[in-house]
1. Counting just the residues of segment 56-104 that are among the polar types (S, T, N, Q) and within 28 Å of ILE149 (Cβ to Cβ), which one comes out modelled with the highest pLDDT?
2. Please go through segment 120-142 and give me each residue that is at pLDDT 85 or above and assigned to a helix (DSSP H, G or I), ordered by number.
3. Are any residues in segment 49-96 closer than 26 Å to SER140 by Cα and without any contact (Cβ under 8 Å) to a residue 60 or more places away in the chain, and if so, which ones?
4. At pLDDT below 80 and touching a Leu at 6+ places or on another chain (Cβ under 7 Å): does that describe ALA155?
5. Here is a check on your reading of the model: is ASP15 charged (D, E, K, R) and closer than 30 Å to GLU106 by Cα?
6. Among helices (runs of 4 or more DSSP H) lying entirely in segment 1-119, which contain 1 or more residues that are in contact with a strand residue (DSSP E or B) (Cβ under 7 Å, 6 or more places away or on another chain) and open to solvent by 50 Å² or more (accessible area, probe 1.4 Å)?
7. Looking at segment 127-141, I want the residues that are open to solvent by less than 40 Å² (accessible area, probe 1.4 Å) and have a partner that is of a type in the set (Gly, Ala, Ser) and not in a helix (DSSP H, G or I) with Cβ atoms under 6 Å, at least 6 apart or on another chain. Which pairs are those?
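The values are calculated or read from the model by the stated rules, or taken from the named source; none is laboratory data. This is a predicted model, so every value here is computed, not measured. Cβ sites come from the backbone with ideal geometry, for glycine too, and all protein chains shown count toward neighbours. The area values use the complete protein model at the heavy-atom level, side chains included, leaving out ligands, DNA and RNA. Shrake-Rupley method; radii C 1.70, N 1.55, O 1.52, S 1.80 Å.
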Amino acid sequence: MAERHVLVATFGRADAVQDWTHIDNLVQAQVLAAAALTEEKHYVAAGESYFITDQAPVNSTAFMQPLLEGLGYTMPKTRLPFWLVCWLAWASEWAYFLLPRRLGFEPLFTRNEVRKAAVTHFFNCDHAKYQLGYKPEQRSVDEYLPWFIERGYGAGKQPGAAAGQASAAAGKERQQQQQQQQVRRAQAAPKAASGKRGKAGSSKAA
């Protein structure tokens, strides 16, 4: 909506908080869950379900503000009441239902999205922490803001666009190094497993 220049107000309760999940935390949980389905971990994750979040509930407006302002947009000061935004979402849904599909109209937002932003809701990850060893890492907008700037997103008013591009290049280099480390670990894992089997076989032969 910021790219379309239609971000004119925020909505929802200022004290309502919701959960968010960074992709790195999601991947961490998936890797841990996969490991917990092995014999070594006694198949502890078999048949289980887990909530995975950053474990840091925050207001939607407060969550988006650093990103939008970092991209050069001005965060609107006006906050619309819940009932009004819900009515606008209802009208938008009906417009989508009634207008011909060839017009390509899509609702700007839905009543479900409005409710999610206006109601406090978050989840407990203790089950994943206890069974999987899940440890959510807290991330800052400073980590991914350069990625958006480097790819041309934003209003073109970023105070540190050049610095952001340099930071993005450095972040890309770090990402490549991490990927190389992951590849080396993956290559080393079969060798380690083979070594364990070799030792086991030697002890049996003895």
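1. First pass over segment 56-104, keeping only residues among the polar types (S, T, N, Q): 59-61, 65, 74, 78, 92.
From the residues that got through so far, the ones that are within 28 Å of ILE149 (Cβ to Cβ) too are 59-61, 65, 74, 78.
Numbers: ASN59: 89, SER60: 85, THR61: 85, GLN65: 86, THR74: 81, THR78: 85.
Per the stated criteria, the residue is ASN59.
2. Of everything in segment 120-142, those that are at pLDDT 85 or above and assigned to a helix (DSSP H, G or I) turn out to be ASP126, HIS127, ALA128, LYS129, TYR130, GLN131, LEU132.
3. Let us first name the residues in segment 49-96 that are closer than 26 Å to SER140 by Cα, namely 50-79.
Hits for segment 49-96 are VAL58, ASN59, SER60, THR61, ALA62, PHE63, MET64, GLN65, GLU69, THR74, LYS77.
4. Details: at pLDDT below 80: yes; touching a Leu at 6+ places or on another chain (Cβ under 7 Å): yes.
Yes: the conditions hold for ALA155.
5. Values: charged (D, E, K, R): yes; closer than 30 Å to GLU106 by Cα: yes.
Yes.
6. Numbers: elements: 23-35, 60-70, 82-98, 111-118.
Those helices (runs of 4 or more DSSP H) span 82-98, 111-118.
7. Here the result reads LEU132/ALA36, each pair linking segment 127-141 to a residue that is of a type in the set (Gly, Ala, Ser) and not in a helix (DSSP H, G or I).
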